[in-house]
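These notes are about the structure you will find just below.
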Amino acid sequence: MVDLHTHSTFSDGTLTPARIAEEAARAGLTAVGLTDHDTVAGNDEFLSAGAEHEIEAIAGVEISAQYTNPETGLKDDGEMHILGYFPWWNEKTEAAMSPLAEIRENRRERNPKIIERLQQLGCEITVEEVERLAQNDVVGRPHIAALLVQKGFVKNAGQAFDQYLAKEAAAYVPKEIFPPDVAMRVIRDAGGVPVLAHPKTLNIQSDEQFRGVLELLVSHGLLGIEAHCSSHKWHDTQRFLGYAYLYSLVVTGGSDFHGSLKPYIHLGTGLGNMRAPDKCVEELRARCSAL
Ligand code: AMP
Ligand code: ZN
Ligand code: FE
Ligand code: FE
């Protein structure tokens, strides 16, 4: 079993990359991937820890992409996230991912705006407090949610999102992100494999509309789809395995582990019944060497 979708302290997870590799080995996984939001800075530590704990560690990243739901025409109806995997990680790969710095800069401009709105709504928190909690340069809404819980303004992170941080909620501010073709180009130029993350979050019901989006992504360089996800029921997994077959896409799987920021998601098994097979990694490697 493998888990190819995890977040560390380099973005909005609570375990260090080394701890993720260690815990994955302890859980008996054969491979684990690190996919922090908008940064590849944790990958060196991750790969070293993988070697130390004798588990295959795959370097990666997760990039949010601009998205309009084709069924509703709405920008706030669904999310598109692109995972990038680098089975042959090296210094050149890292340098090629430098365009992500622009997105991190956009986050730095966005966070004070969210916090200003929260202050207007009576939540007395500061940018400094959020930055201290996050301890890295990929500060995001989950950190703000954690601070709101810590300071007693909400009961839990779910309430923080519902009341303040979710799209259309009172303190929501969109962030400047790349269109999918740019996100995938950056990954491909770095020698990586772009994969559509948790495809259900596109929130498309019809087969025809979903295929329309997928075909466009494939024409722009998409090579894989995350068919095994925490949130998937059996029939969801089957549905996306079908699309993988149809478009010759690599099948991947991952829990979207965030440590204690999402305590209900477990490394390797997600909500308890995710099973991503070992062959995901073999397929990923094969596709990467075929670039
Ligand atoms: P950001 O990158 O700052 O926009 O935050 C994105 C993160 O917020 C992702 O890890 C999401 O899983 C998380 N997130 C988005 N919406 C929700 C929600 N309604 N409840 C909990 N977490 C959410
Ligand atoms: Zn996250
Ligand atoms: Fe995601
Ligand atoms: Fe994720």
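The values are calculated or read from the model by the stated rules, or taken from the named source; none is laboratory data. Model, not experiment: these values are computed from the prediction. When we count neighbours, we look across all protein chains shown, and the Cβ atoms used for this are built from the backbone with ideal geometry, even at glycine. We work out accessible area using only protein heavy atoms, side chains counted, and drop any ligands, DNA or RNA first. Shrake-Rupley method; radii C 1.70, N 1.55, O 1.52, S 1.80 Å.
Just a few scattered comments:
- For the chain, the tally of Lys pairs with Cα-Cα distances below 22 Å comes to 19, considering only residues 8 or more apart or on different chains.
- Of the GluC sites (Glu not before Pro) found in region 1-64, those in coil by DSSP whose Cβ has at most 16 other Cβ atoms within 10 Å are GLU54.
- Using R0 = 51 Å, the C-beta based FRET efficiency linking ASP137 and GLN209 works out to 0.90.
- The GLU94 and LYS279 beta-carbon pair, evaluated with R₀ = 30 Å, returns a calculated FRET efficiency of approximately 0.65.
- Amide hydrogen neighbours beyond the local backbone of ALA276, cut-off 5 Å, H modeled: VAL2
- The chain: calculated mean residue ellipticity at 222 nm from DSSP helix runs of at least 4, using -39500 (n - 2.57): -12000 deg cm²/dmol
- When SER64, SER98 are compared by accessible surface with a 1.4 Å probe, the order from highest to lowest is SER98, SER64.
- Gained length - THR30 relative to ALA166, 0.36 nm times residue gap less alpha-carbon distance: 45.4 nm
- Calculated FRET value between ALA101 and ASP76, using beta carbons and R₀ = 41 Å, to 0.05: 0.95
- Carbon + sulfur, % of accessible area of the chain - ligands and nucleic acids excluded, 1.4 Å: 50 percent
- In the context of the full protein assembly, ASP44 retains an accessible surface of approximately 80 Å², using a probe radius of 1.4 Å and ignoring ligands and nucleic acids.
- Taking every protein chain into account, the accessible area of the chain amounts to 44 square angstrom per residue (probe 1.4 Å).
- The angle between the Cα long axis of helix 17-26 and the longest principal axis of the Cα atoms of the chain comes to about 60 degrees, rounded to the nearest 10.
- Scaling against 2.2 N^0.38 Å puts the C-alpha radius of gyration of the chain at 0.96.
- Between GLU176 and SER260, the simple label model (points 7 Å from Cα in the Cβ direction) yields a spacing of 3.5 nm.
- The angle between the Cα long axis of helix 279-289 and the main principal axis of the chain comes to about 80°, on a 0 to 90 degree scale.
- Residue order for TRP234, TRP88 - accessible surface, 1.4 angstrom probe, largest first: TRP234, TRP88
- Relative contact order (%) - criterion: Cα under 8 Å, at least six apart; region: the chain: 23 percent
- For region 161-291, taking Cα atoms only, Rg and Dmax work out to 15.8, 47 Å respectively.
- Under the Karplus curve 6.51 cos²θ - 1.76 cosθ + 1.60, θ = phi - 60°, whole-Hz ³J(HN,Hα) for region 194-211, x wherever Gly or Pro sits: x, 10, 6, 7, 4, x, 5, 6, 5, 6, 10, 8, 7, 4, 4, 5, 5, 5
- DSSP bridge analysis restricted to the chain gives an antiparallel fraction near 45%, rounded to the nearest 5.
- Applying both filters, DSSP loop and at most 13 other Cβ atoms within 10 Å, to the trypsin sites (Lys or Arg not before Pro) of region 131-215 gives LYS151, LYS155, LYS167.
- Principal axis dimensions, largest first and in whole angstrom, of region 136-190 by Cα: 45, 26, 14
- For region 30-44, putting each phi into the Karplus relation 6.51 cos²θ - 1.76 cosθ + 1.60 with θ = phi - 60° gives couplings of 8, 8, 9, x, 10, 10, 5, 5, 6, 8, 10, 5, x, 5, 4 Hz, in residue order, rounded to whole numbers and with x for Gly and Pro.
- Share of pairwise Cα separations in region 24-93, more than 16 Å, in percent: 55 percent
- Packing, taken as the mean count of other beta carbons within 10 Å per residue, orders the peptides 281-287, 271-277 from highest to lowest as 281-287, 271-277.
- Karplus-based coupling profile of region 150-165, in residue order and whole Hz: 3, 8, x, 6, 9, 7, 8, 4, x, 5, 4, 5, 4, 7, 10, 9, with θ = phi - 60° in 6.51 cos²θ - 1.76 cosθ + 1.60 and x standing for Gly or Pro.
- For the chain, the longest principal axis of the C-alpha atoms and the axis of helix 180-189 are separated by about 60°.
- Once both labels are positioned 7 Å from their Cα atoms along Cα-to-Cβ, the gap between THR68 and GLU124 label points is 4.4 nm.
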